[in-house]
Structure formats: structure tokens, C-alpha cells
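Reading through the C-alpha cells given below for one structure.
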Amino acid sequence: MPWSTAFDDPVRASHKRKLLTLQDAADYIMQLPEDAQHEAHWQTAIETLINAAETGGGWVMFARIAMLRALNADSRGR
């Protein structure tokens with residue numbers, strides 16, 4: 001599956017930003033500070049995004065869930 005594959009439902013990263021595709025999610029993570037990218041919840045999101053891009057199917061749903069969990073973990077830490 002290509003990185004342009006869309007999530008079934010967009011991932012809301014902020015009030016103004018929605019992540020529509022696997023590529024949007026990957027770009028979002030790459031814009032985080034490097035130390036944040038190495039946190040376990042973001043590493044899980046990265047792994048599931050890669051699996052979704054390579055395999056498709058249910059991995060796209062798992063990648064969406066991993067992104068939501070990582071965003072939620074970050075919001076609790078602030």
C-alpha cells in the first residue's frame with residue numbers, strides 16, 4: 001500500500017490539524033523533536049505506520065489507533 005493511503009477516519013492532531021493519510025502521520029512524527037520521536041508511544045506509532053504502508057489491511061486501523069494513543073500520551077504529559 002502506498003503512503004498516500006487514507007485512514008478510515010482522520011486523526012485529529014490539534015484543533016487545526018487533521019492527519020488524513022499514513023504520510024501525513026509520518027510527517028507529523030518527523031516534525032516532533034528528536035527526543036520525543038524516541039519515546040515508546042511514538043516508536044509504536046512509527047512501527048505500525050511502516051507495517052500499514054508495507055502490508056495494508058488491518059494495519060491501517062492499527063496505525064490510526066497508535067497515532068491516537070501517542071497523541072493522547074503526549075497531551076497527558078503536558
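Results, tabulated for the structure shown:
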{"item": "Spherically averaged projected area in nm², based on the convex hull that wraps the Cα atoms of the chain", "result": "4.7"}
{"item": "Of Ala40, Ala53, Ala25, the one that fluctuates the most in a GNM where the chain has Cα springs shorter than 10 Å", "result": "Ala40"}
{"item": "Simple spin-label estimate for Gln37 and Ser4 in nanometres, 7 Å along Cα-Cβ", "result": "2.4"}
{"item": "Within segment 1-63, trypsin sites (Lys or Arg not before Pro) in DSSP loop having at most 14 other beta-carbon neighbours inside 10 Å", "result": "Lys16, Arg17"}
{"item": "Sum of -39500 (n - 2.57) over DSSP H runs of 4+, divided by residues of the chain (222 nm, nearest 500)", "result": "-19500 deg cm²/dmol"}
{"item": "Amide H within-cut-off set for Phe7, under 5 Å, with H built and near neighbours excluded", "result": "Thr21, Leu22"}
{"item": "Amide hydrogen neighbours beyond the local backbone of Gly56, cut-off 5 Å, H modeled", "result": "none"}
{"item": "Between 0 and 90°, nearest 10: helix 40-55 axis offset from the chain longest Cα axis", "result": "10"}
{"item": "Apportionment of accessible area to carbon and sulfur, the chain, percent (1.4 Å)", "result": "53"}
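The values are calculated or read from the model by the stated rules, or taken from the named source; none is laboratory data. As the structure is a prediction and not an experimental result, all values here were calculated from the model. Heads up, the Cβs are rebuilt from the backbone with ideal geometry, glycines too, and the neighbour counts pull from every protein chain shown. For accessibility, only protein heavy atoms count, side chains too; no ligands or nucleic acids. Shrake-Rupley method; radii C 1.70, N 1.55, O 1.52, S 1.80 Å.
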